[in-house]
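Chemist: Let me give you the structure first, and then I'll get to my questions.
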Amino acid sequence: MAVTRERFEQGMTYAAFKEQMTRNRDRFEASEQRFTPSASDVEAFSKLPRPLNVLVLAEDWCGDVIANLPILGRLAEASGKLNLRVFLRDQNLDLIDQYLNQGKYRSIPVFVFFDDNFQEVGRFIERPASVTALRAQKTREIYAQHPEFGAPDQPVDKLPEDVRARLSQAMSAMREETVPFANAEVVRELRSIVEKVPVSG
């Protein structure tokens, strides 16, 4: 089922999505503030011949949405070439089910880029594979350095409370440390989508 202009326009603007957030808005805005697109990143989007329509599927409880949607929002604002419409995943199953991760998971965020005629130009789902791989490697290192954390595949709730708190702290610090890499990878993937758009036409 193709996404039509009419269906697309039913979505919220980026600002309206932020307004209706009931959780994590402080984290969302912190992600916005810490990300400043470079001049070359802005130029990659600014030189689009005409704005692209970007369908976004998101929810405010999702960590990858909190991390990655602000990057898209800042690029849209800086370039003036991305027309965003945000849909809540759980209320729009007709949309999310067209953009399943690996054909089976309702992963978010989803960013689908469309031209003027609503032909798909490209899509971004959840997070770059390179980020998943780096964080998995760092997680293995944390567990290797701290035998008291048990094994990565064991349920965390079986650990004593103090150990669980230290593990949570270590994981948070690791995620924090990998943010610059993750943000750069998200921008790289988004640029690779828009750079496929013919400059003339």
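Chemist: Summing -39500 (n - 2.57) over the DSSP H runs of n ≥ 4 in the chain and dividing by its residue number, what mean residue ellipticity at 222 nm do you reach, to the nearest 500 deg cm²/dmol?
Modeler: Value at 222 nm, helices only: -15000 deg cm²/dmol.
Chemist: Additional query: For the range 91-118 and the range 54-81, compute the distance between their C-alpha centroids and round to whole Å.
Modeler: Rounded to whole Å, the Cα centres lie 14 Å apart.
Chemist: Next question, about the same structure. For a quick check, take a GNM of the chain with Cα springs below 10 Å and name the residue from Tyr143, Tyr99, Tyr14 with the largest mean-square fluctuation.
Modeler: Highest fluctuation among the options: Tyr143.
Chemist: Restricting to lysines 8 or more places apart or on different chains, can you count the pairs in the chain with Cα atoms under 21 Å from each other?
Modeler: Qualifying lysine pairs in the chain: 4.
Chemist: Report the percentage of all Cα-Cα pairs in the chain whose separation exceeds 28 Å, rounded to a whole percent.
Modeler: Percentage above 28 Å: 32.
Chemist: When the convex hull of the Cα atoms of the range 1-107 is projected onto a plane and the area is averaged over all directions, what value comes out in nm²?
Modeler: It is 7.3 nm².
Chemist: Sort Lys47, Lys196, Lys18 by Cβ crowding within 10 Å, fewest neighbours at the top.
Modeler: Lowest to highest Cβ neighbour count: Lys196, Lys47, Lys18.
Chemist: Per residue of the range 132-137, what does 6.51 cos²θ - 1.76 cosθ + 1.60 with θ = phi - 60° give for ³J(HN,Hα)? Whole Hz please, x for Gly and Pro, Karplus curve as stated.
Modeler: Result, ordered by residue: 4, 5, 4, 5, 5, 5 Hz.
Chemist: With 10 angstrom as the radius, rank Ile142, Ile193 by how many other C-beta atoms surround their C-beta, starting from the fewest.
Modeler: Result, fewest neighbours first: Ile142, Ile193.
Chemist: Next up: Quick one: grab the alpha carbon gyration tensor of the range 130-175, order the square roots of its eigenvalues as a ≥ b ≥ c, and give me rounded if a/c is under 1.5, else prolate or oblate depending on whether a/b is larger than b/c.
Modeler: prolate
FYI, it's all coordinate maths here, none of it is from the lab. Predicted, not measured: the structure shown is a model, and the values here were computed from it. Backbone-built Cβ (ideal geometry, glycine too); neighbour counts: all protein chains shown.
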